[in-house]
Every structure is written in structure tokens, then in C-alpha cells.
Amino acid sequence: MRARDFAHYSLRIFFITVANLFGIPSYLTWILLLQPLKHYYPELFWKIESVLFQGLLTIVTTWLYSGGYTIMESGDSLEGIMNDEAVVLVNHQSTSDVPIVMSALHNKAQVVGKVMWVMDDIFKYTNFGWISYFHGDFFILQGKEARTDSLEKLQKHINEIYKTTFKNWIILFPEGGFLRKRRFRSQEFAKKNHLPVLQHVTLPRVGALKVIIDNLASPTTVNGNVTGSKSNEKTLKWVIDITIGYPGATPYNSHGMFVGYWPPHKVDIHYRVYPIQEIPTEKEALTKWMYDRYEEKEVLLQEFYTKSKPLDESDNQKRAMPRVRRHDLVIDKCLACLFYLLHLCSFIVFWFYLYCPVIRIIRFMMSFVF
């Protein structure tokens with residue numbers, strides 16, 4: 001490793017570490033201080049929380065862009081549906097998928113602050129896992145043994161957390177794990193059940209999506225009366241299918257991207273939007289619908305990886321939303337600076353007027369004990 005590279009990596013590690021040291025305590029302290037507001041004025045509390053959360057995800061976005069990792073968007077327009085309830089399906093290849101999706105959503109109004117992530121339980125034990133816990137994300141356990149229990153907990157979480165925290169989008173990785181870990185088992189399952197053998201994606205699991213649809217299904221109207229659910233409850237309106245394509249079929253890990261270890265490149269992200277009325281609710285039909293979508297992803301990615309054909313050029317489906325031209329996603333630098341200042345200034349104020357006094361009190365009390 002050259003001295004110049006070592007200095008570059010060290011500087012980025014220092015910068016990201018400092019951002020974590022002031023960003024995470026700032027968010028957590030605000031959340032704790034605003035608990036009375038959460039009790040008496042929950043809607044205002046969650047509006048403030050969404051801004052604080054959006055700020056942290058925007059900070060994460062700057063780590064990618066400053067390393068030269070940018071996003072090329074294509075597919076259906078998301079304009080006009082960003083305040084609607086939707087479930088987002090994303091193919092899962094590596095740890096970088098999460099920050100890539102964060103980056104793709106960071107400049108789409110308040111979407112990124114009002115999402116509920118469904119992610120692997122192991123994420124709960126990371127530093128950002130604390131943020132996700134207070135934000136209301138759901139941590140799901142993998143494996144057959146935990147599947148039924150996890151889906152029951154997801155149903156409870158949707159009714160007790162999602163519906164009460166004024167969130168709009170639920171982000172889900174239906175494959176249930178990274179491509180490299182699940183591909184072999186998925187292909188074996190496909191061969192045994194006479195299903196398509198996929199290379200660039202795996203056959204998705206339908207359980208979590210079924211729970212989400214069942215609990216957020218649109219009410220039906222009979223003789224002018226709403227049935228099936230309360231008329232004032234949240235109801236899904238869209239399914240947004242996201243396909244992520246990495247150049248050369250090589251998904252970099254998030255740590256390498258944050259540090260800047262990997263060469264700069266563009267990541268393609270393609271949107272396909274479906275009205276919820278088009279999505280079957282019966283499990284077998286929903287499973288087939290999901291398999292069809294992932295077969296289509298396979299075609300898009302095959303053309304992308306082998307022929308360098310943009311994802312939108314391989315997608316010829318006609319859907320409800322108009323298409324947007326393939327374009328670079330530009331980070332809002334002014335907004336990013338404001339969020340850095342928000343969390344940094346908050347941390348400084350908390351340090352002098354909250355953390356230090358608390359530390360002095362603790363030291364004073366400890367002096368009597370010892």
C-alpha cells in the first residue's frame with residue numbers, strides 16, 4: 001500500500017468516525033429529550049424525528065459520493081407518490097445495498113425520513129442499529145426455525161409501530177440474505193421444484209410481503225360502507241420494485257466504499273412501480289407474481305452485466321407511471337452541509353449543557369462511594 005493511499009484511507013476513516021461520534025449521540029439525545037412531545041403530540045414528534053433521521057442518512061450518502069461512488073437512476077417516475085404508502089422491494093447483493101438505497105432516496109422530499117426498514121437482526125447490534133431501533137425499523141431473524149415467529153412479530157410491529165409513527169414506505173429485501181450466500185440453495189430449490197434457475201438474483205421469499213399486504217390492504221367498499229379495515233387506517237397504494245446493478249457484477253462492501261478502498265464507479269438503480277390493485281393477495285398467486293418479477297430482474301441484470309446494456313433499455317413493460325430518462329443522481333450539497341451543522345451544533349450544545357454536567361454529577365456521587 002502506498003503512503004498516499006494509506007493517508008487517504010486514514011483521513012476518511014477519521015472523518016467518518018468523527019461524524020459517527022457527533023451524529024449518533026445528537027440523534028439519540030434529541031429523541032430522549034423529546035419523549036414528552038412524543039406522548040402528547042406524537043405527529044409533531046415524528047415529523048421532527050424524520051428530519052433528524054433524514055439528516056443522518058444524508059451524512060451516510062456523502063460518504064459514498066465523496067469516495068466517487070455515484071448512482072445512475074432510471075425507470076418509473078416516483079414523483080407524485082412519495083407521500084403515499086408503499087412497500088419497496090430491493091434485490092440484495094451485499095452490505096452496500098443499504099447505503100445505496102439511502103443515497104437514492106436522500107433527495108426525494110421527506111421519503112428517506114419516513115421509511116421503515118426491514119433488515120437482518122444482526123444489524124441491531126451495530127452503532128447505527130441504535131438509530132434504527134428508535135426510528136421504528138424492524139429486525140428480522142433469518143432461518144426456518146425463526147421464520148414463523150419473525151412474521152408474527154412483523155405483523156405486531158406494523159400495527160403498533162408503522163401505523164402509529166406516520167411512516168409511508170416499508171423497505172424490504174425479499175431474498176432474505178446476500179446473493180453470494182443464498183444463490184446455491186436457491187438454485188437447488190429451483191431445480192427440485194421446476195422453477196427458473198437464477199444467477200444474478202435468488203428466488204424471493206414471500207412471507208414478509210404477504211404480512212405487509214394483509215395488514216395494510218386497501219379497504220373495500222360495499223353499499224357505500226368501508227369494510228375490511230377502518231377507513232382512517234394506513235393503506236398501501238404502491239409496490240416499488242428496485243433493481244440494483246453493480247458494474248462487472250461486483251457488489252462492493254459498504255466498509256470498502258466508505259473508506260474509499262474500491263475504485264470509483266456508478267451504480268445503476270432502476271424503479272418499477274405497480275399499483276397495489278395489481279398485486280394478488282392469495283399466497284400462491286403472490287408467490288408467482290414475486291417469482292415473475294425476479295425472473296425479470298434476472299433478465300435486466302444479465303443484459304447489464306454481459307452486454308453493458310442499461311437496465312431501462314431492457315425493461316419494456318408498460319406500467320402506470322411515466323418513465324424518466326436515465327440520469328445521474330446529484331447530491332444536494334447545501335442540504336448535506338445543513339444536516340452536518342444540525343447534528344454537530346446539537347452535539348456541541350449537548351456536550352456543554354448536558355453531557356458534562358451529568359458526568360460531573362456522576363463523578364461527585366462516585367467520590368462518596370469510593
Worksheet item: Looking only at residues in the stretch 9-29 that are open to solvent by 60 Å² or more (accessible area, probe 1.4 Å) and touching a helix residue (DSSP H, G or I) at 6+ places or on another chain (Cβ under 9 Å), which one is nearest to GLY256 (Cα to Cα)?
Response: ILE13
Worksheet item: Which of the residues spanning the stretch 136-150 are open to solvent by 40 Å² or more (accessible area, probe 1.4 Å) and either farther than 17 Å from ILE122 by Cβ or in a helix (DSSP H, G or I) (or both)?
Response: LYS144, GLU145, ARG147, THR148, ASP149
Worksheet item: Yes or no: TYR65 within 30 Å of TYR246 (Cβ to Cβ), under 21 Å from the mean Cα position of the chain (by Cα) and open to solvent by less than 10 Å² (accessible area, probe 1.4 Å)?
Response: no
Worksheet item: Looking only at the stretch 113-130, which residues are in contact (Cβ under 8 Å) with a residue 40 or more places away in the chain and touching a strand residue (DSSP E or B) at 6+ places or on another chain (Cβ under 9 Å)?
Response: LYS114, VAL115, MET116, TRP117, VAL118, MET119, ASP120
Practice prompt. Answer yes or no as to whether ILE81 is closer than 26 Å to PHE14 by Cα and either open to solvent by less than 10 Å² (accessible area, probe 1.4 Å) or not basic (Lys, Arg) (or both).
Written response: no
Discussion item. Within the stretch 314-334, take every residue that is surrounded by 14 or more Cβ atoms within 10 Å (Cβ to Cβ) and not polar (S, T, N, Q) and give me the one that is farthest from SER66 (Cα to Cα).
Written reply: ARG319
Fill in: Search result, residues across the stretch 30-45 that are farther than 18 Å from LYS163 by Cα and either open to solvent by less than 10 Å² (accessible area, probe 1.4 Å) or at pLDDT below 95 (or both)
ILE31
Discussion item. If the requirement is being closer than 23 Å to GLN110 by Cβ, basic (Lys, Arg) and touching a residue at least 12 places away in the same chain (Cβ under 8 Å), which of these qualifies: LYS47, LYS38?
Written reply: LYS47
Response to the item:
Just one listed residue, out of THR250, THR243, is open to solvent by less than 40 Å² (accessible area, probe 1.4 Å) and within 23 Å of the chain's Cα centre (by Cα), and it is THR243
Item to complete: Inspect the stretch 74-89 for any residue being polar (S, T, N, Q), in contact with a strand residue (DSSP E or B) (Cβ under 8 Å, 6 or more places away or on another chain) and touching a residue at least 60 places away in the same chain (Cβ under 8 Å) and give the result as yes or no.
Response: yes
Worksheet item: Which pairs have Cβ atoms under 7 Å, sit 6 or more apart or on different chains, and link a residue in the stretch 9-23 that is among the polar types (S, T, N, Q) to one that is in a helix (DSSP H, G or I) and open to solvent by less than 80 Å² (accessible area, probe 1.4 Å)?
Response: ASN20/ASN127
Worksheet item: Out of curiosity, is LEU341 at pLDDT 95 or above, under 20 Å from ILE131 (Cβ atoms) and of a type in the set (A, V, I, L, M)?
Response: yes
Item to complete: Return yes when GLY113 is of a type outside the set (A, V, I, L, M, F, W, C), more than 10 Å from the chain's Cα centre (by Cα) and modelled with pLDDT of 90 or more and no when it is not.
Response: yes
Response to the item:
For helices (runs of 4 or more DSSP H) lying entirely in the stretch 290-370, having 3 or more residues that are closer than 26 Å to HIS106 by Cβ and either without any contact (Cβ under 8 Å) to a residue 60 or more places away in the chain or of a type in the set (Phe, Trp, Tyr) (or both) picks out 333-350
Worksheet item: Can you name the number of the only condition in (1) surrounded by fewer than 19 Cβ atoms within 10 Å (Cβ to Cβ); (2) modelled with pLDDT under 95; (3) of a type in the set (Val, Ile, Thr) that ILE48 fails?
Response: (2)
Item to complete: Read through the list (1) of a type outside the set (Lys, Arg); (2) under 20 Å from PHE166 (Cβ atoms); (3) surrounded by fewer than 22 Cβ atoms within 10 Å (Cβ to Cβ), then give the number of the only condition that GLY55 fails.
Response: (3)
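The values are calculated or read from the model by the stated rules, or taken from the named source; none is laboratory data. Only a predicted model underlies this, so the values are computations on that prediction, with no experimental measurement involved. Reconstructed Cβ throughout: ideal geometry from the backbone, glycine too, with neighbour counts over all protein chains shown. Surface areas here come from the heavy atoms of the whole protein model, side chains and all, with no ligands, DNA or RNA. Shrake-Rupley method; radii C 1.70, N 1.55, O 1.52, S 1.80 Å.
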